[in-house]
Amino acid sequence: MRQSQLFLPTLREAPSEAEAVSHQLMLRAGLIRQLAAGIYTYLPLGRRVLRKLEQIVREEMDRAGAQEVLMPAMQPAELWRQSGRYDIYGPELVRLRDRHNREFALGPTHEEVITSLVRGEVSSYRQLPLTLYQIQTKFRDEKRPRYGLLRGREFMMKDAYSFDESWEGLHRSYMEMYEAYNRIFTRCGLRYRAVEADAGSIGGEGGTHEFMALADIGEDTVAACDCCRYAANLEKAEYGRELKEASGQQPCVAELERLYTPGMKKIDELAPYLKLEAKAFIKTLIYMADGKPTAVLVRGDHEVNEIKVKNALSANVLELADHETTERVTGAPVGFAGPLGLSVPLLADDALMVMKSGIAGANETDYHYGGIRPSVHLSHAITGDFRNAAAGDKCPRCEQGRLTFYRGIEVGHVFKLGTKYSETLNAGFLNASGEERPYIMGCYGIGVSRLLSAVLEQHYDSNGIVWPDEMAPYRVHVIPVSAKDQTQRDLAVHIAARLSEAGVETLLDDREERPGVKFKDADLIGIPLRIVVGKHAAEGMVELKRRNEAVAVTVHLENAISIACEK
Ligand code: ATP
Ligand code: MG
């Protein structure tokens, strides 16, 4: 491809609206342009990279035995009503009507459509297992679309769905996908971890893993053992229980005692005032669980894990109570809540139950209670794991290592759905004994456009993008230094033609630009191998430089061509 013909609008400066590095680079290197919030056009270079990614995904899905289909984006609301998701999906679902006033949704995911498709076609166990996938545009009216392609409202997803006869079969299908995901992310040159995840609102039983690209911009937190392979989303992360009280805790008042704590609502204010560490306190938070007030208690240095609380209560909706409710429940302003005398259900985290004594709000303005002995005063509470794992906690698996935290971008998700959709949509098959059974399903997503951004978050330097080989829009960039020098131009054209003939994707910078401009652009767009045709062109010598290396080597053009053809 001749660069003079390529629609490649590059920008010198990063537009101010782009916060994420990947977003800045995609705008600067002419990969994408925004049409509306979270909605983008892919320019030729961006489209090429996206196709590369789609191809990697497609090859690995096919290798895993999945078959490609393409389902409609427009889906009848009726189907979503049958699965029960039309109302609970909320404002993220893009809804519309046709000319006959029939309701539709633009697919944010395709469990309903695929289940109804298979329901009509697969009626015998002999037709199972079956895994189908597609690579298609999804629509989600996200509350906060941001960071370019990382959280879009219209984005590219690979979604696969497996149908099995049994849970063992599902496990095999799940592991096929799990392994395929490992191959995909490795081929993309991504640093990632597969982490245990919470089953969330999609429902279903059994396992679920998220694949997290490690990057500081990530919205998720991953807790990983520094010793073994254990890694989990913080939402779900377990930790090795400490059976003893945390060391270093100072003794507090021995008996129950009201302490005057004027205006001190936060542990960071109380702790220095009482000369105690945060872990000497009992934090009390009032939540609304499906509309019912509930108090959740954790140690002062710990954070409540709302997902664990929600799961323990089997609640659909869990949210912090507003100030008014908290005041009504505790009889005191926010900041002075404590467990004593509350008439709502109490959930106490296990770490409290090994404390000898602690301090909590007295449910009275400006007062706290010291000397609360959880084993006595909280004996009526429901106990369990209600807190986030914390950095330095013991690993729950090997019990040797300690947990370390990373930020992650969720690029993929594998999920054992079980019979959630086959039951609600009445979709099943006849087993070998002629009995009707629901399909045992799994679903498997990869945010293909998000993955593009995630790769970029890990592959750049101060001059621009450094593409991993398999994802680069072109493999080789041929640049004649002087546009006016006929020998250089001819040789560059010759090399580019030879490479193209050999099937190597090559970009030839034939623009009438100064060398500085060409090299700056070349660094920005990040093609892995550069062949520079300069002053030694007459002797057939050229410079070869890899984008991820600082030094260039001078070689004969035949060598350059054979090196470029190697990959
Ligand atoms: P998130 O927690 O980031 O909103 P999700 O749990 O809603 O993700 P899934 O429903 O599991 O995501 O979708 C499958 C995959 O699609 C995700 O792993 C992610 O890579 C991608 N994805 C989800 N939402 C978006 C989005 N708004 N923009 C781009 N990719 C997305
Ligand atoms: Mg989401």
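Couple of notes before you dig in:
- Selected residue (only one of Arg28, Arg12 is in contact with a Lys or Arg (Cβ under 9 Å, 6 or more places away or on another chain), over 27 Å from Ser422 (Cα atoms) and modelled with pLDDT under 95): Arg12
- Pairs with Cβ under 6 Å, 6+ apart, first in region 406-434 and closer than 20 Å to His171 by Cβ and basic (Lys, Arg), second in a strand (DSSP E or B) and open to solvent by less than 10 Å² (accessible area, probe 1.4 Å): Lys416/Gly442
- Taking region 75-93 as the range and being farther than 23 Å from Tyr444 by Cβ and touching a Phe, Trp or Tyr at 6+ places or on another chain (Cβ under 9 Å) as the test, the residues that pass are Pro76, Ala77, Glu78, Tyr86, Asp87.
- Among all residues of region 151-170, there is none that is away from ligand 2 (no atom under 16 Å from the Cβ), over 19 Å from Thr419 (Cβ atoms), in a helix (DSSP H, G or I) and open to solvent by 30 Å² or more (accessible area, probe 1.4 Å).
- Only strands (runs of 3 or more DSSP E) whose full extent lies in region 342-420 are considered here, and the ones with at least 1 residues that are within 30 Å of Thr109 (Cα to Cα) are 403-418.
- Any hit, region 162-183, residues being under 16 Å from Val448 (Cβ atoms), within 22 Å of the chain's Cα centre (by Cα), in the same structural domain as Ile446 (by TED's automatic domain parsing) and within 13 Å of ligand 1 (Cβ to nearest atom): yes
- Members of region 257-301 found to be in a strand (DSSP E or B), out of contact with any Gly (no Cβ under 6 Å at 6 or more places or on another chain) and among the hydroxyl-bearing types (Ser, Thr, Tyr), listed by number: Tyr260, Tyr287, Thr294
- Filter pass, Met74 being in contact with a strand residue (DSSP E or B) (Cβ under 8 Å, 6 or more places away or on another chain), open to solvent by 50 Å² or more (accessible area, probe 1.4 Å) and either within 16 Å of ligand 1 (Cβ to nearest atom) or closer than 27 Å to Leu451 by Cβ (or both): yes
- Every pair of residues 6+ apart whose Cβ atoms lie under 7 Å, when the first sits in region 95-111 and is open to solvent by less than 90 Å² (accessible area, probe 1.4 Å) while the second is part of a loop (DSSP other than H, G, I, E, B): Phe104/Asp98; Ala105/Leu93; Leu106/Ala73; Gly107/Ala73; Pro108/Leu93; Pro108/Arg140; His110/Met71
- Selection from region 139-150 of residues that are charged (D, E, K, R) and either open to solvent by less than 50 Å² (accessible area, probe 1.4 Å) or within 7 Å of ligand 1 (Cβ to nearest atom) (or both): Arg140, Glu142
The values are calculated or read from the model by the stated rules, or taken from the named source; none is laboratory data. Values in this document were obtained by computation on a predicted structure and should not be read as measured data. Glycine gets a Cβ as well: all are built from the backbone with ideal geometry, and neighbour counts include every protein chain shown. These accessible areas exclude ligands, DNA and RNA; they are computed on the full protein's heavy atoms, side chains included. Shrake-Rupley method; radii C 1.70, N 1.55, O 1.52, S 1.80 Å.
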